[in-house]
Amino acid sequence: MGEIKRTIFKVPKMDCPSEEKLIRMALGNQEGIAHLKFNLSGRTLTVFHETDVNEILEKLEPLNFGATHVETGKISEVEENLLKLDKAKAEGEKKSEAKVLKILLVINAAMFVFEIILGFIAQSTGLIADSMDMFADAAVYGVSLYAVGKAIGLQHKAARLSGFMQMFLAAFALFEVIRRFIFGSDPEPSFMVWVSLIALIANVTCLILISRHREGGVHMKASQIFSANDVIANIGVLMAGVLVTITHSRIPDLVIGFAIAIIVFRGSLAILKISKNSEVD
């Protein structure tokens, strides 16, 4: 490894956090960059790096922010110590993310088994669809766990994989709704209500845990979207159970099963979108 240098770039069109985010993603795959320091009011970017300055400029040019090289110099002892502290902080965040994702993985895997069994016993498409959502989430958290601490490019691939996986499970849930609509079902509303309540508690817990890392990489943003969708789906199943009790009809259960399948599908599209838009070649 070479000596770390400090290079200042003038970036005339960088004046808000969105530009900062794009620059961070543009340089995320660049090896030899130790730290980025932004001054939005002064429209300057300071890069602490070992790589060649021209390689950094090549990454910045496609953004069309007008980045130009101002100066390059050696870092001070104070700056070197700050870089070490920043590296230690980043490692701590990675460990924290991994711990949270392990908890989420266990919760969703357990809830998938719980809901899929009781969903078939209760003949509820809502619970079956929600269990598929739980399975998708467990897989997503597993993929996200793999992505923690990896390069941004691998985080994008992990997000895309989880998006396609959720799309497949949405199709399965939709198939189950259609099958039961054609061949009939007799959902048990009491099962729907108390199982969805347990699932709601589990998913709210997951959402609270993941929200603490909402500023993390794209894989963490994907996890937050999934957890938020789960809470909506659980409330829907709960309401459907109440309506089945009142109307003595299977239609509310079929409707919520269909709605959850659509929510899962839209969630997959959202993940694919953020993984694509966040990627800067």
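Check whether at least one residue in region 132-142 is at pLDDT 85 or above and more than 16 Å from the chain's Cα centre (by Cα), and report yes or no. No, every residue in region 132-142 fails to be at pLDDT 85 or above and more than 16 Å from the chain's Cα centre (by Cα). Here Val280 fulfils each of the conditions (1) part of a helix (DSSP H, G or I); (2) modelled with pLDDT under 85 apart from (1). None of Leu174, Leu200, Leu207 is more than 16 Å from Asp253 (Cβ to Cβ), modelled with pLDDT of 85 or more, surrounded by 15 or more Cβ atoms within 10 Å (Cβ to Cβ) and of a type outside the set (Asp, Glu) except Leu200. Within region 176-198, the set of residues being of a type in the set (S, T, N, Q) and within 32 Å of the chain's Cα centre (by Cα) comprises just one member, Ser196.
In region 4-11 there is no residue matching the filter, namely being more than 24 Å from the chain's Cα centre (by Cα), of a type outside the set (Ser, Thr, Tyr), modelled with pLDDT of 75 or more and assigned to a helix (DSSP H, G or I). Scanning region 172-188 for residues that are part of a helix (DSSP H, G or I) and in contact (Cβ under 8 Å) with a residue 60 or more places away in the chain returns Ala173, Leu174, Glu176, Val177, Arg180, Phe181.
The values are calculated or read from the model by the stated rules, or taken from the named source; none is laboratory data. Please read these numbers as outputs of a predicted model, since none were measured by experiment. Cβ: placed from backbone, ideal geometry, glycine included. Neighbour counts: every protein chain shown.
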